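Here's the structure, in structure tokens; my notes come after.
The values are calculated or read from the model by the stated rules, or taken from the named source; none is laboratory data. These numbers come from a predicted model, not from an experiment. Cβ coordinates were reconstructed from backbone atoms using ideal geometry, including for glycine residues, and neighbour counts include every protein chain displayed.
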Amino acid sequence: MLTFTGEALSYGRTTVLSDVDFTLRAGERVVLLGRSGAGKSTLLNAGYARLARTFPDVALVPQEHGLVPQLSVFHNVYMGRLDAHGAGYNLANLIWPFPAERRAIDPVLETVGLDGFARRTVETLSGGQKQRTALARAIHRGGRVLIGDEPVSAVDERQAGVLIDELGRRFGTILLALHDVALARRIATRLVGIRAGRIFFDRATADVPDDDIHDLYRA
Amino acid sequence: MTSTEPERPHRLGRFGRVGTALVFVGLAAMLLPFADLGLGRHDPWAELGRMATGFLSPDFTSIEALRWTAVLTAAFAICGVALGASAGFVLAPFYRHGMVRNLCIAIRSIHELFWAILLVQVTGLSATTGVLAIAIPYAGIFAKVFAEYLDEADARPAAAMPPRADLISVHFYARLPLAWREFQTYLLYRLECGLRSSAVLGFVGLPTLGFSLDTFFRQGMYGAVAAVLIIYYVLIGTMRLWMHRPLVPFYLLAAIAVMASIASPPMAPGALARFLTHDIVPAPLRSGDLGDFATWARFGDWLAALLAGQALPGLAATLVVAQLALVVAGLVALIGFPTTVRPVAGRLGAAFGHVALVITRSTPEYMLAYIALQVFGPSMLPAVLALGLHNGAIIAHLLGRQSAHLHESLRPDAPRGIVLYAYELLPRIYGSFLALCLYRWEIIVRESAIIGLLGIPTLGFHVDRAIQEIRVDRAIVLLIVTMLATMAIDWVSRRTRASILPGRLGRNAAAE
């Protein structure tokens with residue numbers, strides 16, 4: 001589905017990851033681990049960019065959510081399927097939301113714990129609520145692959161587990177960056193550790209001892 | 001190209017900030033002998049006295065007619081700005097394309113009044129002329145400013161859109177909402193400019209406040225002139241009170257209805273076709289055989305004579321007026337700015353300073369020049385004074401806004417009065433001051449050209465004469481010269497600004 005062989009990935013002009021060998025196969029749930037600035041986001045962005053070209057059936061939860069603060073939660077979630085309709089339909093829905101679209105989005109909002117928030121503008125939400133909106137957009141988009149950069153970092157631990165499980169149920173293939181190791185072990189079939197600009201390990205979850213993960217975060 | 005990059009700050013750095021100002025002052029001093037600054041009237045003070053008496057006793061006898069003129073002024077402004085903003089709104093996403101950008105630069109480098117006198121040839125003294133004269137240059141300005149707002153907005157939401165979403169949907173969902181508030185604020189500000197433009201269009205015969213002003217001035221009815229000015233200030237000053245967002249559709253419909261009610265003299269059919277295929281074609285090409293070399297030789301002679309006889313003298317006069325006005329504007333700003341700062345001018349002085357600046361900057365430069373011309377008679381003096389005062393007041397106002405909190409954060413034992421200004425305020429604002437002057441430079445050149453319509457021999461004078469003689473082809477060439485001059489000044493100004501002050505300054509300074 002997605003393959004990098006010996007590639008250098010850069011953020012802007014600086015090369016962040018060199019010599020990347022990485023493959024994502026259908027049905028896998030891969031979590032990237034590493035200190036902040038290690039290059040997880042760079043790998044995710046490169047992966048998304050490549051998938052988007054060849055396999056547009058991909059949902060995304062970007063790092064800063066990529067929400068439009070001036071629009072309502074409903075519209076931000078609707079944007080997940082902006083490619084499902086023509087411009088005319090989308091513009092009409094922007095000015096006067098279709099009841100059918102509201103009915104489609106309400107259950108998604110319920111799933112992420114935002115029921116009743118559809119008409120609120122995103123700029124009035126808390127950090128956690130914004131993140132749930134971004135998750136709702138990805139869920140509403142659906143599809144077979146999800147790419148998410150710290151998709152549950154702003155919600156509390158118990159909620160994070162519930163939401164991660166929900167993502168696991170809805171998407172067949174998942175590539176995430178997480179800082180919470182327990183959460184990573186909970187969802188991942190494979191763990192990828194990134195350290196000092198290189199892939200440090202890339203193994204099935206059960207084969208990664210805690211010591212290896214500990215090494216990632218060592219100075 | 002790359003090799004010149006590092007050189008630039010060094011080269012201009014040689015002049016330094018004070019040096020840059022001295023270059024402009026020196027240039028103005030050198031141009032002074034070429035400027036016709038004589039008093040056209042023998043006794044301007046007597047005329048001024050009559051005006052002052054009239055102004056102090058405003059005559060509202062024709063208030064009924066004036067009220068309708070005020071409505072017309074607002075209606076022209078609303079329709080023109082709405083049309084211009086709509087066009088700019090559509091053009092803005094494509095502004096990065098060279099063709100769109102150059103088109104916008106070209107249409108906005110020609111003043112509303114020039115558009116008006118050109119359009120009168122096609123659509124007569126009609127609603128269409130007035131609305132288009134505002135809408136066309138404003139479209140170019142709106143496109144540029146809207147495009148800048150879109151570029152400055154957060155790009156991440158658009159990057160998070162589904163890969164195959166169409167561009168129009170992405171634009172309206174993930175780009176436009178992020179810049180929408182800025183659009184609205186700017187639109188309101190532009191409407192204020194539109195009211196000024198609309199009033200000034202009266203000077204070429206459209207039925208707005210400028211027309212009433214002109215009429216009463218010609219008859220020496222200074223009391224009535226005062227009434228027109230008061231109505232004008234009330235219209236501008238209260239705009240933010242009556243222009244509320246929910247009422248916008250109502251105002252727009254009302255303005256369209258008012259426009260539709262204007263009776264205009266009928267134009268002969270096919271005026272547009274005639275204008276495009278006959279009037280604007282250079283005379284030697286119109287009648288001659290285009291395959292014949294002699295035709296092109298005649299065209300060359302025609303062009304050379306036009307350039308040497310009208311364009312160059314007009315351009316020279318325009319630049320003389322502009323450079324002198326720029327220095328006057330700088331002086332007015334340097335004197336005007338501190339009069340609005342309380343620790344410098346005192347409470348009463350600051351209030352007075354504010355009022356004086358508001359009046360001079362909300363009176364269009366063309367109107368000021370017109371009034372100054374009535375006082376001093378025809379020479380470059382009224383033009384220089386009017387442009388200097390108006391632009392200086394705008395610079396002073398923007399400086400005041402930028403440094404609004406400056407004097408609040410001064411040390412507690414800071415001096416007061418003139419010493420405070422010289423030692424604490426001026427050194428801090430000087431960079432902004434210079435940048436704002438350079439911003440206004442291009443605008444002053446454009447305005448110097450247009451003031452020729454009042455009879456001062458700048459480019460506008462020659463354009464007007466060509467139009468009067470029904471030689472539209474010549475007017476077009478002269479307008480192209482005006483356009484190129486404005487663009488050249490804009491280019492020099494941008495490079496100089498970049499070397500003085502990194503970063504951006506108030507956009508309104510550029511747009512006002």
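Quick notes on this structure:
- Listing of helices (runs of 4 or more DSSP H) fully contained in the range B:1-80 that carry 1 or more residues being modelled with pLDDT of 85 or more: B:16-31, B:44-56
- Test for A:Gly172: is it touching a residue at least 40 places away in the same chain (Cβ under 8 Å) and surrounded by fewer than 17 Cβ atoms within 10 Å (Cβ to Cβ): yes
- Of all residues in the range B:120-165, those that are touching a Leu at 6+ places or on another chain (Cβ under 7 Å) and within 14 Å of another protein chain (Cβ to nearest Cβ) total 7.
To keep it simple, each residue is scored yes or no on (1) more than 13 Å from the chain's Cα centre (by Cα); (2) hydroxyl-bearing (Ser, Thr, Tyr).
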residue	(1), (2)
A:Thr3	yes, yes
A:Gly6	yes, no
A:Thr14	yes, yes
A:Leu17	yes, no
A:Thr23	yes, yes
A:Arg35	yes, no
A:Ala38	yes, no
A:Asn45	no, no
A:Arg53	yes, no
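- Residues of the range B:230-269 classified as touching a residue at least 60 places away in the same chain (Cβ under 8 Å) and not in a helix (DSSP H, G or I), total: 5
- Number of the exception - B:Leu253 against (1) surrounded by 12 or more Cβ atoms within 10 Å (Cβ to Cβ); (2) in the same structural domain as B:Thr69 (by TED's automatic domain parsing); (3) not basic (Lys, Arg): (1)
- Among (1) of a type in the set (A, V, I, L, M, F, W, C); (2) at pLDDT 80 or above; (3) loosely packed, with under 15 Cβ neighbours inside 10 Å - the single one B:Ala414 does not satisfy: (2)
- The listed residue being touching a Leu at 6+ places or on another chain (Cβ under 8 Å), over 21 Å from B:Met51 (Cα atoms) and crowded, with 23+ Cβ neighbours inside 10 Å, out of B:Ala369, B:Ala386, B:Ala317: B:Ala317
- Selection within the range A:83-113 - within 12 Å of chain B (Cβ to nearest Cβ) and surrounded by fewer than 22 Cβ atoms within 10 Å (Cβ to Cβ): A:Asp83, A:Ala84, A:His85, A:Gly86, A:Ala87, A:Gly88, A:Tyr89, A:Leu91, A:Ala92, A:Asn93, A:Leu94, A:Ile95
- Among the residues making up the range B:431-453, a single one is at pLDDT below 90, touching a helix residue (DSSP H, G or I) at 6+ places or on another chain (Cβ under 6 Å) and farther than 14 Å from B:Ala329 by Cβ: B:Ser432.
- Boolean, A:Arg185 is closer than 26 Å to A:Leu60 by Cβ, in contact with a Leu (Cβ under 9 Å, 6 or more places away or on another chain) and free of Cβ contacts under 8 Å to residues at least 24 places away in the same chain: yes
- Note on the range A:27-76: residues that are within 11 Å of chain B (Cβ to nearest Cβ), in a loop (DSSP other than H, G, I, E, B), out of contact with any His (no Cβ under 9 Å at 6 or more places or on another chain) and in contact (Cβ under 8 Å) with a residue 12 or more places away in the chain amount to 11.
- Residues that are farther than 15 Å from B:Ala143 by Cβ and in a helix (DSSP H, G or I), drawn from the range B:83-123: B:Glu112, B:Leu113, B:Phe114, B:Trp115, B:Ala116, B:Ile117, B:Leu118, B:Leu119, B:Val120, B:Gln121, B:Val122, B:Thr123
- Screening B:Leu479 on (1) of a type in the set (A, V, I, L, M, F, W, C); (2) within 17 Å of the chain's Cα centre (by Cα); (3) under 28 Å from B:Gly400 (Cα atoms) shows it passes everything except condition (3).
- Test set (1) surrounded by fewer than 22 Cβ atoms within 10 Å (Cβ to Cβ); (2) touching a helix residue (DSSP H, G or I) at 6+ places or on another chain (Cβ under 8 Å) - A:Ala136 fails condition number: (1)
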